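Visitor: One structure follows; several queries about it will come next.
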Amino acid sequence: MVPDSCEIVWIRRDRPVNRDLNATMKPRSFIWILAFVGFAAIGYWLAGTAAPDSPVRERRPSQHSSLPRNPMPDEPPVKFRASERDGETNDPDALAAGAFQGERILLFADAAALERFLARADGLVRILDRLDALHALRIGFDDPMSLRGLLDEDAIESFVFPVMTPPPPEGTVQADAVALGARLREWLGITGNNSDWGAGVLIAILDTGVQDHSTFAHSIRTLDLLGGSDDGSGSHGTAVASILSGNDPLAPGVAPGANLLSIRIADADGYSDSFLLARGIIEAANAGAALINISMGSHGDSALVRNAIRYAIESGALIIASVGNNGIQQVSYPAANDGVIGVGAVDATGNHLLFSNTGQQVDIAAPGFGLNAAWAGDELAHVSGTSFSAPVVTGAIAAIMTQYRSEGLTAAQAWEVLNAYLNDGGAAGEDPELGSGMPDVGRVLDSLTPGLHDAAVASQRIIPPTPATPFGEVEILIQNRGTEPLINTAVHISMGGGTTTSNITILPPNAVRTVRVPIPGPPALNNGNVRVDSSVSLSSARDVKPANDRRVETLVVDPAR
């Protein structure tokens, strides 16, 4: 497993620097980082009309109650191109799966079965590591057939999956993506002093390590599972930690009062594996972590990691992981595993970022483009990728645990509350890009306050052409983010020099409706694009958040035009 940071453009603090190697830095110098959170295996696998519809808001049942009770074998391996399997090997199964050759993880039914294997395998395999909490061994061997001759029905053979960090593919961020910068708290609806939010909540960060930085108000507990020397360059983990609980006004965190436990499972280059990830999850659970943030990804679905996830959930922990930034329709592991909250990335306007992986395992999306974050050496950086979306959600859950009710909530309860008040975006309801929506901590805290009216233009998107609409349609998503029903909400949609107005008679709290308007044709188009200006207005109430009443965007109608 590795964090998904790939291409880094360094800028030294002690001399003028810039994005394009010409401009001068501002007084508080930043390291400009293009850290697109992506993972890689050994190879390229990564590689109607104007009338409103019915309310839409679907919620996927929680996955935390349907975990397997017993160890399970790995899922079928990801298939690689033939050219990537060429060459001599005595371990073709591992090669085909993109796993470490000459190594396996063995999972046993119980401790006695593990000890029986050790007795009969003495001198025949190399014992590289063991994880007694899961009755697991990491072993090395020269001949896989000899290994299988040592196994019985009490053992399951599993791969050790690595991940490498390639440069991000070009064109993975749309040209009009908007960076978030230092506006994380504002984006989450946080106002006032949040310095004690998350107080008493222990968050484990499984990453490259967290370095000392002036942004952290509290000392950070550390656990190094790599051994050897930490060279102090764990910038990725430091950035993740600052998004969780940083105090710098230029790089604010979501829950500065939380207690952090840094568990180092990856080196400074981001290299780790499924055994270390599983051990990190176990260590976090045993330390009493309520939340476990994993801004890392793998192509391999490890049986050992699945068992570690079950162990952590049964210990009361909630696991949040990034979905990966390869721009493919496949969510990375462990985000794709049952029981894990998978986090995708959006820009500051709530639009899905093209590099963010998609799939049914995406539960939620958060900012992942141009966030300000801490960096090793007491620096700051602009960071991008789903690695940095995940801690936004983790921090939001920690904040809700301590701020929603005076008696506090468990991690699972806080997630359910957050999930109940997500801001919709993209397609109405649940979708493979944004999951069920985006977090809004301010809205969650306001949900107990009656009398709030808030109509929002949640998204605008193009609907492909049909025989009835040869140039397609524009779909506008309207959401009631207040606590009172909205009566007679006017929706105004302007494009191509014309304006259409629709009326939503009643919109209950948290409900969404879509309004579709046909694109009138060439007069509205500009090189296959259309500029859409949508707004909402209330007939008889004051909108408490007018900032979300209007949305203006240029949408791509047909890339081929």
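Derivation of every value follows stated rules applied to the coordinates shown; laboratory data play no part. This one's a predicted model, so the numbers in the text were calculated from it and none came from an experiment. Here Cβ is always computed from backbone atoms with ideal geometry, including for glycine, and neighbour counts include all displayed protein chains.
Visitor: Is the stretch 455-561 rounded, prolate or oblate when judged by the Cα gyration tensor, a ≥ b ≥ c being the square roots of its eigenvalues, rounded requiring a/c under 1.5 and prolate requiring a/b larger than b/c?
Guide: Numbers: a/c = 2.42, a/b = 2.17, b/c = 1.11.
Here the stretch 455-561 falls in the prolate category.
Visitor: Report the gain in length on full extension from residue 109 to residue 448: 0.36 nm times residue separation, minus Cα-Cα distance, nm rounded to one decimal. Working shown, then result.
Guide: Working: separation 339, 0.36 × 339 = 122.04 nm, distance 4.78 nm.
That pair, residue 109 and residue 448, stretches by 117.3 nm at full extension.
Visitor: Compute the FRET efficiency between residue 133 and residue 191 as 1/(1 + (r/R0)^6), taking r as their Cβ-Cβ distance and R0 = 35 Å, and round to the nearest 0.05.
Guide: Numbers: r = 43 Å, r/R0 = 1.22.
Step by step, r from the Cβ atoms, then E = 0.25.
Visitor: Further question on the same structure: At 0.36 nm per residue, and after removing the present C-alpha to C-alpha distance, how many nm does the segment from residue 550 to residue 119 gain when stretched out fully?
Guide: Details: separation 431, 0.36 × 431 = 155.16 nm, distance 7.00 nm.
Going from the current span to full extension adds 148.2 nm.
Visitor: Starting with the highest mean, order 292-303, 394-405 by the number of other Cβ atoms within 10 Å, averaged over the residues of each peptide.
Guide: Details: 292-303: 28.2, 394-405: 26.7.
Per-residue mean Cβ counts within 10 Å order the peptides as 292-303, 394-405.
Visitor: Under the classification rounded if a/c is under 1.5, otherwise prolate if a/b is larger than b/c and oblate if not, where does the stretch 394-539 fall, given a ≥ b ≥ c as square roots of the Cα gyration tensor eigenvalues? Intermediate values should be presented prior to the final figure.
Guide: Details: a/c = 3.22, a/b = 1.97, b/c = 1.63.
Prolate, since a/c reaches 1.5 and a/b exceeds b/c.
Visitor: Given points 7 Å out from each Cα along the Cα-Cβ axis, report the residue 154 to residue 506 separation in nanometres with one decimal.
Guide: About 6.5 nm separates the two model spin labels.
Visitor: Taking the mean number of other Cβ atoms within 10 Å as a proxy for protection, how do you rank 91-103, 485-497 from highest to lowest?
Guide: The most tightly packed comes first, giving 91-103, 485-497.
Visitor: Using a simple spin-label model with points 7 Å from Cα along the Cα→Cβ vector, what separation in nm is obtained for residue 468 and residue 407?
Guide: 5.1
Visitor: Please work out whether the stretch 170-284 counts as rounded, prolate or oblate from its C-alpha gyration tensor, where a ≥ b ≥ c are the square roots of the eigenvalues and a/c under 1.5 means rounded, while otherwise a/b larger than b/c means prolate and anything else oblate? Can you show the working numbers first?
Guide: Details: a/c = 2.07, a/b = 1.28, b/c = 1.61.
Because a/c hits 1.5 or more and a/b fails to exceed b/c, the stretch 170-284 counts as oblate.
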